[in-house]
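Asker: The structure that follows is given in the form of structure tokens.
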Amino acid sequence: MKWLRFLLLAVVVALGVWAWMALHPDPERVIRRRLEGLARAASFEPNQGSLAKLVGAERVANFCSTNVDVNIDVPGHQEHRLAGREEIQQAALALRASARGLTVTFPDVTIQVSADKQSAVADLTLQAQVAGERDMIVQEVKVTLQKIDGQWLLVKLETVRTLR
Amino acid sequence: MTETKSGPSQELRSASWLRILALGRNPKTTLIRAAVLAVVCVVVFKAVLLPVRVQGISMTPTYADGSVHFVNRLAYLWHEPQRGDVVGIRLTPPNGWSAPHIMYFKRIIGLPGETVAFENGRVLVNGLILEEPYQKGPCDWNADAVTLGANEYFVVGDNRSMAKEEHVFGKAERSRIVGKALL
């Protein structure tokens, strides 16, 4: 029955590692999941009801800190500067009212977490497809996040010109 | 009058031929070969020759919207990018050897240290007109001269008929050039 003891020990060790990782998640992994959540929240289906639009816009705003600063400048599109969670929510709502649908993904993400693990900078590629439009929007974006009340929130989001 | 016999022995023979055709005479060797081939394919197409699907019209007529090509990541291991090369440029800063999922697909027209300008649709490199046989449509672009740094290349698409404001072009850092377009 020696092998059974070894098996039990292995199971206990595996459970211990899993529990440790669940209780002390790697900040980079948490931020990645957070950004995936933001992309999902920013995306929306066509023909959404008024309530769904409102809830969706609020979900986007919940990823941001109260004093978030957003600067979006995509070539061929109007520049947008937004400050504060309220403005983000209004903008998300306005987008849901004007566009027929939107799919957002962040395919390439590089994250640098600060030494104190309280802030991080993510360089990512934003890929957005507006329903009914032929061309996809592709843009480099820099996101600054801060751990506020145990949650990683966006404090700054700005588009970057890859080719200057 | 001829008669064909289709007894159990013939069925057995055709079944074994099918097996040989599908798995080879030695199934174990075939399995190993298939596994090696799969690993080689994954390594080659994930790390060396990156398949890319062109989206947009900025590289027409050279590369049509929707066409599939490859970016060779080993192209610049032994020499630096050359003028006229079509290259893949990553949007995010390099992160080890990991391959980007999205790239710009542009042509190099300016090399490090050079000055590039657009004047009435013609490209001027260090004040001299650059001959561009790949550029077919009419162009009326004007842009101030830009001097490139030691690790910078000037890249632009071949389709200069489109509005300059809708066309992404400019200086690209060497570290962002992923590789050279193949085919």
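The values are calculated or read from the model by the stated rules, or taken from the named source; none is laboratory data. Quick caveat: nothing in here was measured; it's all calculated off a predicted structure. Note that each Cβ is placed from the backbone with ideal geometry, even for glycine, and that neighbours are counted across all protein chains shown. Note: areas computed on protein heavy atoms with side chains; ligands, DNA, RNA excluded. Shrake-Rupley method; radii C 1.70, N 1.55, O 1.52, S 1.80 Å.
Asker: How many residues are away from chain A (no Cβ under 14 Å) and either part of a strand (DSSP E or B) or at positive phi (or both) when one looks only at region B:119-144?
Answerer: The qualifying residues number 11.
Asker: A follow-up question, please. Among A:S98, A:S119, which is the only one that is of a type in the set (S, T, Y), on the phi < 0 side of the Ramachandran plot and at pLDDT 95 or above?
Answerer: A:S119
Asker: I would also like to ask the following. Considering only residues that are open to solvent by 60 Å² or more (accessible area, probe 1.4 Å), more than 26 Å from A:I148 (Cβ to Cβ) and touching a strand residue (DSSP E or B) at 6+ places or on another chain (Cβ under 9 Å), which ones fall in region A:79-117?
Answerer: Those that are open to solvent by 60 Å² or more (accessible area, probe 1.4 Å), more than 26 Å from A:I148 (Cβ to Cβ) and touching a strand residue (DSSP E or B) at 6+ places or on another chain (Cβ under 9 Å): A:E79, A:R100, A:T103.
Asker: Please return the ranges of strands (runs of 3 or more DSSP E) entirely within region A:87-164 where 2 or more residues are away from every other protein chain (no Cβ under 13 Å).
Answerer: A:102-105, A:119-130, A:137-148, A:151-160
Asker: State the number of residues belonging to region B:42-63 that are open to solvent by less than 60 Å² (accessible area, probe 1.4 Å), within 14 Å of another protein chain (Cβ to nearest Cβ) and closer than 25 Å to B:L130 by Cβ.
Answerer: The qualifying residues number 5.
Asker: Within region A:17-39, which residues are of a type outside the set (G, A, S), closer than 22 Å to A:Q129 by Cα and in contact (Cβ under 8 Å) with a residue 24 or more places away in the chain?
Answerer: A:R32, A:R34, A:L35, A:E36, A:L38
Asker: While we're here: When residues of region A:29-47 are filtered for being open to solvent by 50 Å² or more (accessible area, probe 1.4 Å) and out of contact with any strand residue (DSSP E or B) (no Cβ under 7 Å at 6 or more places or on another chain), how many remain?
Answerer: Going through region A:29-47 one residue at a time, the tally reaches 7.
Asker: Out of B:L18, B:L77, I need the residue that is away from chain A (no Cβ under 13 Å), without any contact (Cβ under 8 Å) to a residue 60 or more places away in the chain and either surrounded by 11 or more Cβ atoms within 10 Å (Cβ to Cβ) or assigned to a loop (DSSP other than H, G, I, E, B) (or both). Which one?
Answerer: B:L77 is the lone residue from the list that is away from chain A (no Cβ under 13 Å), without any contact (Cβ under 8 Å) to a residue 60 or more places away in the chain and either surrounded by 11 or more Cβ atoms within 10 Å (Cβ to Cβ) or assigned to a loop (DSSP other than H, G, I, E, B) (or both).
Asker: Same structure, new question: Identify, by number, the condition in (1) part of a strand (DSSP E or B); (2) open to solvent by less than 60 Å² (accessible area, probe 1.4 Å) that A:T66 doesn't meet.
Answerer: (2) is the only condition that A:T66 fails.
Asker: Next question, about the same structure. Can you find a residue in region B:162-174 that is open to solvent by less than 40 Å² (accessible area, probe 1.4 Å) and farther than 24 Å from A:T110 by Cα?
Answerer: So far as region B:162-174 goes, yes, one or more of its residues are open to solvent by less than 40 Å² (accessible area, probe 1.4 Å) and farther than 24 Å from A:T110 by Cα.
Asker: Suppose we filter B:G96, B:G84, B:G88 for residues that are within 14 Å of another protein chain (Cβ to nearest Cβ), under 23 Å from the mean Cα position of the chain (by Cα) and exposed (fewer than 15 other Cβ atoms within 10 Å of the Cβ); which single one remains?
Answerer: B:G96
Asker: Just wondering, is there one or more residues in region B:116-125 that are open to solvent by 30 Å² or more (accessible area, probe 1.4 Å) and closer than 17 Å to B:Q82 by Cβ?
Answerer: There is no residue in region B:116-125 that is open to solvent by 30 Å² or more (accessible area, probe 1.4 Å) and closer than 17 Å to B:Q82 by Cβ.
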